[in-house]
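A short write-up of the structure that comes next.
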Amino acid sequence: MQKSYFPLTTTIWFLLTLLMLSISLASDYDRLQKKLSNDAHFVYSSIYEKTYINEVLLQNFTVLVSADPENDAVIRRFANEMRKRYPHIERLQIQHQLPPLSISYGASTNYNIDPTNTDYNVRFPVTFVEPLNSDTRYLLNKDLLAEPLFAETIRFARQYHQPVTSPPFPLDHNKSGYGLFLAFFERDTEQTPEHLYIASLIINTQGMLPTTSFLSEHASISLMNDQGDIIEQYVSTDKKTFSWLPVLKEQRTVNRFGQSFKLSLVHQIGPKDINLGMLLILISTSLAFYFMLTAYLRQKVQSAIEHSSVYETLEHERQQLENRIHKRTVELNEQLTENRRLTHQVLAVQERERRNLARELHDELGQSLTAIRTDAKILKRTHPEESSLVNQTADSIDAIAQNIYDVTYGMMRSLRPSALDDLGLVDAIQECIISNRFTEHGITLHADFSGPLNEMSEDYNITLFRLTQEAFSNIIKYAHQARNVWLDIRRTSEGQRKNISGDRLELMISDDGCGFDIKAEAFKKGFGLIGMRERVRALDGYFQISKNHDQGTRIIAIIPLKMEPEADPLAPATPDPAEPVEPLL
């Protein structure tokens with residue numbers, strides 16, 4: 001039991017612990033991912049706001065310049081104010097389209113070429129720059145169209161008159177930036193090449209990114225242009241790397257007013273980003289639960305072993321008890337069988353003694369009484385005078401001898417009916433019926449005999465006779481108010497009754513008297529019913545006493561016949577002409 005419990009329990013515990021740790025780590029991962037997404041949105045909003053400021057500032061600048069390109073003081077004052085307000089604006093510039101310095105660059109007709117055509121021969125010198133100082137003075141009159149870095153940007157701005165950004169380029173003091181250009185014509189003038197201007201903002205990319213104090217450790221921000229060139233980048237100063245932990249990435253694209261950027265935030269997850277306290281709590285709780293569970297299982301296994309031992313002990317004792325009970329049952333059955341055999345023997349001996357006693361009474365006492373009566377009659381004939389003393393004495397002796405003979409004859413019939421030996425069972429029962437004088441007691445007897453009842457052995461004949469004799473005696477003595485008695489004796493081999501089949505005897509005796517409490521009195525007072533039951537059981541039969549419907553008592557006896565009759569069966573005995581009896585139940 002222990003081998004089957006603990007590996008499975010450990011495996012399940014380990015898997016559940018991994019699941020809880022995975023859920024905790026997934027929660028941390030989701031939290032960090034949301035934070036990085038929020039940071040990316042914040043940086044994106046900040047850059048988007050500044051690109052919007054750049055576009056609005058450039059539009060206002062072009063409006064101011066197009067109104068009066070020659071009013072340098074107003075333009076410079078506006079530019080100076082904007083630089084103070086927006087520190088990421090490195091400088092503001094104005095380029096004016098002019099013809100080439102030498103005629104070798106083309107005829108004047110080429111100078112008036114359609115601005116939408118990229119095949120032209122012009123120059124765009126810087127005519128205004130703010131701030132104007134020693135670091136920027138060199139830019140005046142510098143042709144940006146001649147610069148490869150700005151040439152394509154200038155051409156695009158001149159042709160489409162839309163804001164356009166230049167590739168990133170280095171600024172002073174290790175700064176980097178890009179230019180935002182917009183072409184426009186002088187207001188209230190013809191849109192001719194000599195009235196075409198390009199306003200530009202030189203933007204410090206370091207000012208585009210917000211302060212990075214909100215970023216967590218191991219996080220970096222990269223701002224790139226359309227070509228993937230890094231314009232500005234913030235990298236964490238923490239040199240520790242955790243390559244075995246995952247990396248979170250968030251990317252955004254800013255495309256506003258010709259300013260197109262790619263924003264990338266990368267966060268290398270570190271141990272500080274993981275909720276180690278929660279992990280320790282989970283692991284500690286899981287280990288505590290595991291130890292408690294294993295302790296419980298060990299206790300359960302020990303309890304199961306003890307229960308198994310107790311069960312085996314109880315099973316062994318139960319088996320011993322069953323063996324003793326079985327042995328005792330066998331002994332009791334043997335004793336019961338022996339008791340029944342002895343009962344049968346006792347009854348057989350009793351019947352034999354009764355028969356011998358009846359024969360002795362008949363042979364010895366009967367002859368003596370006959371001799372006494374003969375002598376008395378001789379004396380009466382010798383002394384015929386009725387008044388003589390001898391005649392009167394002889395007559396008294398004859399009367400006494402006759403009375404003794406009658407009493408003796410009644411005792412002989414009680415001990416052993418001669419009709420049972422001479423005529424058979426049916427006639428013996430008929431004689432028993434007559435001797436009980438039911439008519440004098442106001443009782444009507446309904447008798448029914450069927451089957452070859454006169455062809456059975458001595459044991460069955462005497463048993464049926466004694467059962468009938470005892471039942472009649474009890475009815476006369478105890479069945480007060482009885483007006484009918486039913487006697488049904490049959491011998492049959494059809495069907496089955498009470499698990500007894502084949503050739504059998506069925507006896508039913510019932511009355512409609514007052515009855516009695518069978519459970520309380522049937523086998524507890526006297527030995528009549530007990531003797532009837534034991535006679536039937538001695539022949540392996542079935543005996544039952546019960547109420548006869550609403551009133552009275554009913555006795556049923558079913559006795560199997562172990563030997564078939566040797567002679568052919570005779571016709572059923574003719575019952576007493578009376579009402580038909582009730583069938584046996």
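The values are calculated or read from the model by the stated rules, or taken from the named source; none is laboratory data. These numbers come from a predicted model, not from an experiment. Note that we place each Cβ from the backbone using ideal geometry, even for glycine, and neighbour counts take in every protein chain shown. SASA here: full protein model, heavy atoms, side chains in, ligands and nucleic acids out. Shrake-Rupley method; radii C 1.70, N 1.55, O 1.52, S 1.80 Å.
Overview of values
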| read-out | value |
| --- | --- |
| Kirkwood Rh in Å, taken over all unlike Cα pairs in the stretch 245-337 | 21.5 Å |
| Taking all pairs of distinct alpha-carbon atoms in the stretch 425-560, Kirkwood radius in angstrom | 15.2 Å |
| C-alpha center-to-center spacing [the stretch 346-421, the stretch 461-500] in angstrom | 33 Å |
| Exposure of residue 490 as accessible area (Å², to 10), given a probe of 1.4 Å and all protein chains | 70 Å² |
| Percent carbon-and-sulfur accessible area, the chain, ignoring ligands, DNA and RNA, probe 1.4 Å | 54 percent |
| Spin-label model distance (nm) - residue 422 vs residue 561, 7 Å beyond Cα toward Cβ | 2.5 nm |
| Low-density loop cleavage sites - trypsin sites (Lys or Arg not before Pro) in the stretch 361-450, where at most 12 other Cβ are within 10 Å (DSSP) | 437 |
| Computed over the stretch 129-236, Cα set: Rg, Dmax in Å | 17.0, 58 |
| Acute angle (nearest 10 degrees) that the helix 2-67 long axis makes with the longest principal axis of the chain, alpha-carbon atoms | 30 degrees |
| Value at 222 nm in deg cm²/dmol, rounded to 500, when DSSP H runs of n ≥ 4 in the chain each add -39,500 (n - 2.57) | -17000 deg cm²/dmol |
| Rounded accessible area per residue of the chain, 1.4 Å, Å² | 58 Å² |
| Nearest 10 degrees, 0 to 90: helix 366-382 Cα axis against the chain principal axis | 30 degrees |
| Relative pair counts by distance (%), Cα atoms of the stretch 1-103, 10 Å bins | 11, 21, 15, 12, 10, 9, 8, 7, 5, 2, 0 |
| Potential extension, residue 244-residue 256 segment - 0.36 nm per residue separation minus Cα distance | 0.5 nm |
| Extended-chain gain in nm, criterion 0.36 nm per residue less alpha-carbon gap, residue 70 and residue 499 | 140.5 nm |
| Net charge dipole size for the stretch 425-560 [Lys, Arg +1 and Asp, Glu -1 on Cβ; Debye, nearest 20] | 520 debye |
| Principal axis box of the stretch 444-515, alpha-carbon based, largest edge first, Å | 38, 25, 20 |
| Förster radius 45 Å - calculated FRET efficiency between residue 399 and residue 340 (Cβ-Cβ, nearest 0.05) | 0.40 |
| Distance histogram for the stretch 30-79 (every C-alpha pair counted, 10 angstrom bins, percent rounded to whole numbers) | 23, 29, 19, 15, 11, 4 |
| Computed accessible area, residue 147, all protein chains, 1.4 angstrom probe, square angstrom | 60 Å² |
| Cross-link pairs beyond the 29 Å C-alpha cut-off, checked among 498/547; 377/477; 84/175; 35/84 | 377/477; 35/84 |
| Reciprocal of mean inverse Cα separation for the chain (Kirkwood radius, Å) | 38.7 Å |
| Length added when fully stretched, residue 324-residue 213, from 0.36 nm per residue minus Cα-Cα | 30.7 nm |
| Exposure ranking of 407, 485 by accessible area [1.4 Å probe, largest first] | 407, 485 |
| Which of 485, 551, 428, positive extreme of dipole for the stretch 425-560 (C-beta unit charges) | 551 |
| Nearest-10 value in Å² for the accessible area of residue 326, using the 1.4 Å probe | 120 Å² |
| Cα-based helix-to-principal-axis angle, 458-478 vs the chain, degrees rounded to 10 | 90 degrees |
